[in-house]
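The structure is given below, and queries will be raised subsequently.
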């Protein structure tokens, strides 16, 4: 998330420089590996059922899957050398933050 925040700040700069690959590639790789670990971890015993947060893990996984898809669209724009829309960056960030919040509630409920 820290790398994603740095990318968002760079994207919001008025003279918007090209986002360096050495910064965006680790963000994507870490995000994908974290998502895979989450999906594998959800196969284990259920958590948070007593506190009503039992479904939060699946909700987090769904939100993060959508964030991965939006990040893939961002990557596609970059590879096609078309400008990345601010709305796409905003949707990606919103989904990722919401997924992270649901994951935190699931883990600490």
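Which one is farthest from the chain's Cα centre (by Cα) among residues in the range 80-91 that are in contact (Cβ under 8 Å) with a residue 60 or more places away in the chain and part of a helix (DSSP H, G or I)?
First, pick out the residues of the range 80-91 that are in contact (Cβ under 8 Å) with a residue 60 or more places away in the chain: 84, 86, 89.
After this cut, where a residue has to be part of a helix (DSSP H, G or I) as well, the list is 86, 89.
Details: 86: 16, 89: 11 Å.
The selected residue is 86.
Right, here's the next one. Can you confirm whether residue 29 is in a helix (DSSP H, G or I), within 13 Å of the chain's Cα centre (by Cα) and exposed (fewer than 14 other Cβ atoms within 10 Å of the Cβ)? Explain how you work it out, then say what you get.
Numbers: in a helix (DSSP H, G or I): yes; within 13 Å of the chain's Cα centre (by Cα): yes; exposed (fewer than 14 other Cβ atoms within 10 Å of the Cβ): yes.
Taking the combined requirement at face value, the residue satisfies it.
Considering only the range 47-79, how many residues are surrounded by fewer than 13 Cβ atoms within 10 Å (Cβ to Cβ), outside any helix (DSSP H, G or I) and free of Cβ contacts under 8 Å to residues at least 40 places away in the same chain?
2
What's the number of the only condition in (1) farther than 14 Å from residue 93 by Cα; (2) surrounded by 11 or more Cβ atoms within 10 Å (Cβ to Cβ); (3) at pLDDT 90 or above that residue 41 fails to meet?
Just one mismatch for residue 41, condition (3).
So, in the range 81-109, exactly how many residues are within 17 Å of residue 25 (Cβ to Cβ) and loosely packed, with under 15 Cβ neighbours inside 10 Å? Let's see the steps before the verdict.
The initial filter retains those residues of the range 81-109 that are within 17 Å of residue 25 (Cβ to Cβ), namely 81, 84, 89, 92, 96.
The next check asks that each one be loosely packed, with under 15 Cβ neighbours inside 10 Å; those that pass are 81.
Residues in the range 81-109 being within 17 Å of residue 25 (Cβ to Cβ) and loosely packed, with under 15 Cβ neighbours inside 10 Å: 1 in total.
So which residues in the range 9-20 are outside any loop (DSSP other than H, G, I, E, B) and loosely packed, with under 14 Cβ neighbours inside 10 Å? Break it down into steps so the answer makes sense when it comes.
Going residue by residue through the range 9-20, those that are outside any loop (DSSP other than H, G, I, E, B) are 9-12.
Matches in the range 9-20: 9, 12.
The values are calculated or read from the model by the stated rules, or taken from the named source; none is laboratory data. Because the structure is predicted, anything quoted here is derived from the model rather than measured. Every residue, glycine as well, gets a Cβ built from its backbone with ideal geometry; the counts of neighbours run over all protein chains shown.
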